[in-house]
Amino acid sequence: ATSFVTVAEACGVRERGLRLASKFWEDISRVSDIAAAAGSRPRVLYLEWLDPPYDAGHWIPEMFGHSGCTSALPADADRKATEKSVQLTWDDIYESDPDVVVVGCCGFDTERNARDALAARDRLEGLRAFRTGRVYATDGNLYFARPGPGLREGVAILARCVHDGDDAVDIRPGRLG
């Protein structure tokens, strides 16, 4: 959110940037509080690409924490959570057996990601997330790939996906803003 202020300063409207940054973090905190009500932290695999598969990088692992979930992939002491995405093998993915899979390929909208997830069905159906109906397609371009205000909706989308069916987590479209 510091970039909101930096850009606003460059445009001569610093106060607008400060308000946007403040609103961004208020909304993120609201989602975090709602997601915390679930009391569980499902293990999620966010796929930024399917062929070959890539995990979530950059700021998406931080979004997991705000959404009330954790990465299904084992922690790697040599890799910081905010590094670039890393290519995975399908064996890595099967071994992690996530509770939830979110497909948000970088640069693609929801419709394209849904088509690609359906095309990868034979790969995904071996996962617990698939068997329990917990594979979701999202707009990776709009809500996850761009470092801007849309990330707050991305946090809410993640929370909604990972806590789907949990009545304690009431995150619906329109609650932010």
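The values are calculated or read from the model by the stated rules, or taken from the named source; none is laboratory data. Source: prediction; values computed, not measured. As a convention, Cβ positions derive from the backbone with ideal geometry for all residues, glycine included, and neighbour counts pool all protein chains shown. When the accessible area is computed, the model is the full protein with side chains, heavy atoms only, and any ligands, DNA or RNA have been set aside. Shrake-Rupley method; radii C 1.70, N 1.55, O 1.52, S 1.80 Å.
Numerical summary
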quantity	calculated
GNM top mover of 68, 107, 12 - the chain, alpha-carbon springs below 10 Å	12
Additional length obtainable on full extension of the chain from residue 95 to residue 22, 0.36 nm per residue less Cα span	22.3 nm
Neighbourhood charge, 11 Å Cβ-Cβ cut-off, centred on residue 49 and excluding it, Lys, Arg +1 and Asp, Glu -1	-4
Summed residue charge, Cβ within 12 Å of residue 25's Cβ, Lys/Arg positive, Asp/Glu negative	+2
For region 58-147: Kirkwood Rh in Å [reciprocal of mean 1/r, alpha carbons]	13.9
Solvent-accessible area, 1.4 Å probe, carbon plus sulfur percent, for region 80-159	50
Residue-normalised accessible area of region 18-140, given per residue in Å² at a 1.4 Å probe	52
Debye intensity ratio I(q)/I(0), log10, the chain, q values 0.18, 0.19 Å⁻¹ (C-alpha model)	-1.16, -1.27
Part-to-part distance (alpha-carbon centres) for region 100-154 and region 33-71, which is given in Å	11
Interatomic Cα distance distribution for region 113-163, bins of 10 angstrom, percent	24, 44, 28, 4
